[in-house]
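The values are calculated or read from the model by the stated rules, or taken from the named source; none is laboratory data. Predicted model, so just to flag it, every value in this text is computed and none were measured. No Cβ is skipped: glycine too gets one built from the backbone with ideal geometry, and neighbour counts run over all protein chains shown.
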């Protein structure tokens, strides 16, 4: 393996220390720079270099300039706005998919593949809008109980030897 010169290192850094073909970033010190007929340098990993040799898979040069004006005509949301929308939808989607009941912040965060701080912040905003509610240290997706249900639960908690049987016809 030949040592990299400053020009090759600059090309590798511009490529984000990743292979231009397979986008891997592993063993970036072994990346090689291939230049085709004075064109732009192409950074390739050892596996892609073995697969394609000195001729990386070609991207059509004609389609590239045509594609740019078409994309410019479309309204593009900024990446931060897109990330915010995705993360909001992710927590909300997880809450819909989890079984009805109470869940901890950690279990919701794990299901949504987010850290607990961000999930907790999002859960608090959802609680402020009334979509969910906090019950102690847990979050409930069930509707809030009525005053009668709460009173019966308190009564049952105070009396251990009395069993309260609720009339099934009253339950909606």
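Restricting attention to the stretch 19-58, which residues are under 14 Å from residue 9 (Cα atoms), at pLDDT 80 or above, out of contact with any strand residue (DSSP E or B) (no Cβ under 7 Å at 6 or more places or on another chain) and not in a loop (DSSP other than H, G, I, E, B)? Result: 30, single match.
Of the set (1) more than 30 Å from residue 112 (Cα to Cα); (2) part of a helix (DSSP H, G or I); (3) at pLDDT below 65, all apply to residue 61 but (2).
For the stretch 2-18, the set of residues classified as assigned to a loop (DSSP other than H, G, I, E, B) and either surrounded by fewer than 18 Cβ atoms within 10 Å (Cβ to Cβ) or outside the structural domain of residue 46 (by TED's automatic domain parsing) (or both) consists of 2, 3, 4, 5, 16, 17, 18, listed by residue number.
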